[in-house]
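Colleague: Here it is, the structure, as structure tokens.
The values are calculated or read from the model by the stated rules, or taken from the named source; none is laboratory data. Here the structure is a predicted model, which means the values were calculated and not measured. Positions of Cβ are generated from backbone atoms using ideal geometry, with glycine treated the same way; all protein chains shown enter the neighbour counts.
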Amino acid sequence: MSGNVVEFTDSNFEQEVLKSSIPVLVDFWAPWCGPCQMIAPSINAIAAEFAGKAKIGKLNVDDNQEMAARFGIRSIPLLIVFKNGVEKGRLEGARPKQDIVAFLQKHL
């Protein structure tokens, strides 16, 4: 993962995402997921572009099944924006970078 992308887990999700003072974009993914790998460079670039304005991170659904179940993740990649601990929106599937940026900006 790039330096600006945070790795979210079942154990740090509450602190890193739900208690974050800035909006958080969570990429629910898995290593075996081709479309997840396709959007990874976009996620890394967005993390650098939005540093300080939003927290960008990834949660591996295979390794963190508690959070995947809690948020009803049925297909990946799935991007969810959280603001003040509340889910604000979902973007499903492999999308072009500009779609992800527009989705995130809508919730800043």
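Colleague: How about segment 1-60: which of its residues are within 18 Å of residue 72 (Cβ to Cβ), of a type in the set (A, V, I, L, M, F, W, C) and out of contact with any Leu (no Cβ under 8 Å at 6 or more places or on another chain)?
Modeller: If the condition is that a residue be within 18 Å of residue 72 (Cβ to Cβ), of a type in the set (A, V, I, L, M, F, W, C) and out of contact with any Leu (no Cβ under 8 Å at 6 or more places or on another chain), then 17, 18, 24, 30, 33, 36, 59 are the ones that fit.
Colleague: For segment 13-35, what are the residues that are hydroxyl-bearing (Ser, Thr, Tyr) and in contact (Cβ under 8 Å) with a residue 12 or more places away in the chain?
Modeller: Matches in segment 13-35: 20 only.
Colleague: Need pairs with beta-carbon distance below 8 Å; first residue not hydrophobic (A, V, I, L, M, F, W, C) and within segment 39-52, second not in a loop (DSSP other than H, G, I, E, B); sequence gap 6+ or separate chains.
Modeller: Every condition considered, the pairs that remain are 42/97; 42/100; 44/5; 49/101.
Colleague: Among the residues that make up segment 66-85, is at least one of them in contact (Cβ under 8 Å) with a residue 60 or more places away in the chain and among the hydrophobic types (A, V, I, L, M, F, W, C)?
Modeller: For segment 66-85, residues in contact (Cβ under 8 Å) with a residue 60 or more places away in the chain and among the hydrophobic types (A, V, I, L, M, F, W, C): present.
Colleague: Can I ask one more? Hey, does segment 37-59 have a residue that's at pLDDT 95 or above, small (Gly, Ala, Ser) and within 16 Å of residue 85 (Cβ to Cβ)?
Modeller: Yes - at least one qualifying residue is present in segment 37-59.
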